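Structure first, then comments.
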Amino acid sequence: LAAAGVSRLPRDLGEATNAFEASELAREVLGDEFHATFIKKKREEWLAYNTVVGGWERDMYLRLW
């Protein structure tokens with residue numbers, strides 16, 4: 001696939017945000033201000049998501065103690 005120029009989709013919002021940030025097409029089409037603001041908001045969203053302990057984590061790890 002790589003030889004054909006095909007790459008995998010991002011695995012999570014963090015990777016997707018990095019790919020969006022690196023996209024010159026996105027920057028050209030959306031403009032510098034929107035591009036930068038969108039990246040900032042998505043990084044904040046990703047950080048918030050990663051700081052929440054979900055039900056799966058509670059069920060999986062709290063039973064160990």
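The values are calculated or read from the model by the stated rules, or taken from the named source; none is laboratory data. Note that the structure is predicted; figures quoted are calculated from it, not measured. Backbone-built Cβ (ideal geometry, glycine too); neighbour counts: all protein chains shown. To get the accessible areas, we keep the full protein, side chains included, count just its heavy atoms, and leave off ligands, DNA and RNA. Shrake-Rupley method; radii C 1.70, N 1.55, O 1.52, S 1.80 Å.
Within the stretch 47-65, no residue that is open to solvent by 100 Å² or more (accessible area, probe 1.4 Å) and among the β-branched types (V, I, T) sits with its Cβ atom under 9 Å from a residue that is in a loop (DSSP other than H, G, I, E, B) and at pLDDT 90 or above at 6+ positions apart or across chains.
Of the residues making up the stretch 1-21, those that are modelled with pLDDT under 95 and either in a helix (DSSP H, G or I) or surrounded by 14 or more Cβ atoms within 10 Å (Cβ to Cβ) (or both) are A2, A3, A4. Among the residues of the stretch 22-40, those that are surrounded by 11 or more Cβ atoms within 10 Å (Cβ to Cβ), part of a helix (DSSP H, G or I) and either under 18 Å from the mean Cα position of the chain (by Cα) or modelled with pLDDT under 95 (or both) comprise A26, R27, F34, H35, A36, T37, F38, I39, K40. Every test in (1) at pLDDT below 95; (2) among the aliphatic types (A, V, I, L, M); (3) assigned to a helix (DSSP H, G or I) is passed by V52 save one, and that test is (3).
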